[in-house]
1. Beyond 34 Å, how much of the Cα-Cα pair distribution for the chain remains, as a whole percent?
2. Could you give the length gained by full extension between ARG19 and GLU229, i.e. 0.36 nm per residue of separation minus their alpha carbon distance, to one decimal place?
3. If each of HIS83 and THR156 carries a label point 7 Å out from its Cα toward its Cβ, how far apart are those two points in nm?
4. List, in order, the whole-Hz ³J(HN,Hα) value for each residue of the range 24-31 obtained from phi through the Karplus relation with A = 6.51, B = -1.76, C = 1.60 and θ = phi - 60°; use x for Gly and Pro.
5. For the range 214-224, what does the Karplus curve 6.51 cos²θ - 1.76 cosθ + 1.60, with θ = phi - 60°, yield as ³J(HN,Hα) per residue in whole Hz, taken in order and with x for Gly and Pro?
6. Using the Cα centre of the range 60-156 as the reference point, and only Cβ charges (+1 on K/R, -1 on D/E), how large is the resulting charge dipole? Debye, rounded to the nearest 20.
7. Diagonalise the Cα gyration tensor of the range 4-58 and give the resulting equivalent ellipsoid semi-axes, square root of 5 times each eigenvalue, largest first, whole Å.
8. Tell me, what is the FRET efficiency for ARG180 and ASP39 to the nearest 0.05, using R0 = 51 angstrom and their Cβ-Cβ distance as r?
Amino acid sequence: MPGMRLDKILTHLNCGSRREVAAWVRAGRVTVDGQTVRDPAYKADPDLAALTLDGRALCYRAQRYYMLNKPAGVITANRDGRHQTVMELFPENERKGLFAIGRLDKDTEGLLLITDDGALSHALMAPGRHVQKLYEAVCDGELAPDAEARFHEGLTLGDGTVCRPAALEIVRDAPALTVRVTLCEGKYHQVKRMLKAVGAEVTALKRLSIGALGLDTSLASGAYRPLTEAEIALLRPSEGLAAATSTKK
Ligand code: URA
């Protein structure tokens, strides 16, 4: 079978030294396409084989793309003296070169993209691109009757910050007011501040999607997985992203 030795693939993935990874393979810690493989010389296609180490998916690409279901209480940073960071949810040997695309507040949960692809990050974050992000918020208080219209028009916050037009949808009124907000920009605490401006205090916030890419609902809080090729394509400006960017006002 054409391909590359399993121990060599794992070494290229920065999993460990050739000797270490060979020992892990012999110990039955590695699967290839769902099967445990105990022969370090086993040949696999590094671009196509689905590999796991101790049950965690490994991604063999020049660049790495992960979807993380960020838990509340963890900060979006590579390192922090006091708090756990999103990067610390990844094993140490996978962290090198990775960063989060954009940021979520410490108490916000949900979809966070982690990659080492600076170009993709720029494409998603560039102010002119207006990539839509969908959030679900649980709130205290009551929305002003004109809240949806004010979001739609683009409201101005108390400190004079002008927000682009956004969508506001009420998911349910009870037991707690739950709304969905779609933004095409990412100002500081934007969802919380916009909702506060129309009478609602956010008590829990979760990001559900970025562009056409939705959070995998089977991903437990704090878990991550590599994006599929189809999901990566959804984020590229020439493909799915175009369909999920808002028109400029
Ligand atoms: N808006 C917020 O207020 N917080 C976030 O984390 C993201 C968007």
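Read the figures in this text as sums done on the coordinates, not as results from a lab. Source: prediction; values computed, not measured. So basically every Cβ, Gly included, is an ideal-geometry build from the backbone, and we count neighbours across all protein chains shown.
1. It works out to 27 percent of all Cα pairs.
2. Numbers: separation 210, 0.36 × 210 = 75.60 nm, distance 3.09 nm.
Taking ARG19 through GLU229 to full extension adds about 72.5 nm, to one decimal.
3. 3.2
4. My calculation for the range 24-31 gives 5, 4, 4, 7, x, 8, 10, 10 Hz in order.
5. x, 5, 5, 6, 8, 7, 5, 4, x, 8, 9
6. 620
7. Largest first, the range 4-58 gives 13, 12, 11 Å.
8. Efficiency computed from Cβ-Cβ geometry: 0.55.
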